[in-house]
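What follows is a single structure, written as structure tokens, with notes after it.
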Amino acid sequence: GKRFFGGEKIGLADLALGLLANLDSVIEEAIGVKIVEKEKLPLVSAWIQEFAEVPIIKESWPPHEKMVTKYRAMRETYLSAEQPK
């Protein structure tokens, strides 16, 4: 029933898990895998939405499209390295 882990204000736990909030949509778009499924983890999903909408957080994250491009490239590099020679 709280907006953030510690209550109504962002705290250390929110900041520590903030990367998850950012990467959830990036990874889903880049490689088609959803980290946090809304149906299975509704409270975490709600927290991600709430955290992502805080202006200072939103302004501080790297551009979404750049992150998607980076993770797609990382995936391609990894997959090509796995191929037998």
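Across segment 66-80, the residues whose backbone nitrogen lies under 14 Å from the label position 7 Å along the beta-carbon direction of Ile35 are 67-68, 71-72. Within the same chain, aspartates and glutamates fewer than 8 places from Lys40 are excluded, and of the rest, those with a Cα less than 15 Å from its Cα are Asp24.
With each run of n ≥ 4 DSSP H residues scored as -39500 (n - 2.57), what mean residue ellipticity at 222 nm is computed for the chain after dividing by its residue count and rounding to the nearest 500 deg cm²/dmol?
So the helix-based figure for the chain works out to -21000 deg cm²/dmol.
Per residue, the accessible area of the chain comes to 74 Å² when a 1.4 Å probe rolls over the protein heavy atoms.
Of the DSSP H helices in the chain, those with a Cα length along their own long axis of 24 Å or more and a mean Kyte-Doolittle hydropathy reaching -0.5 comprise 12-31. Computed about its Cα centre, the charge dipole of the chain is approximately 160 debye, with only Lys, Arg, Asp and Glu carrying charge at their Cβ. The relative contact order of the chain, computed from alpha carbon pairs under 8 Å that lie at least 6 residues apart in sequence, is 28 percent.
Solvent exposure of Tyr78, expressed as accessible area, is near 140 Å², computed with a probe of 1.4 Å over the protein chains only.
The values are calculated or read from the model by the stated rules, or taken from the named source; none is laboratory data. Remember, predicted model here, so these are calculated numbers, not experimental data. In this analysis, Cβ positions are derived from the backbone assuming ideal geometry, glycine residues included, and neighbour counts consider all displayed protein chains. For the accessible areas, the whole protein counts, side chains as well, though only heavy atoms, and no ligand, DNA or RNA atoms are used. Shrake-Rupley method; radii C 1.70, N 1.55, O 1.52, S 1.80 Å.
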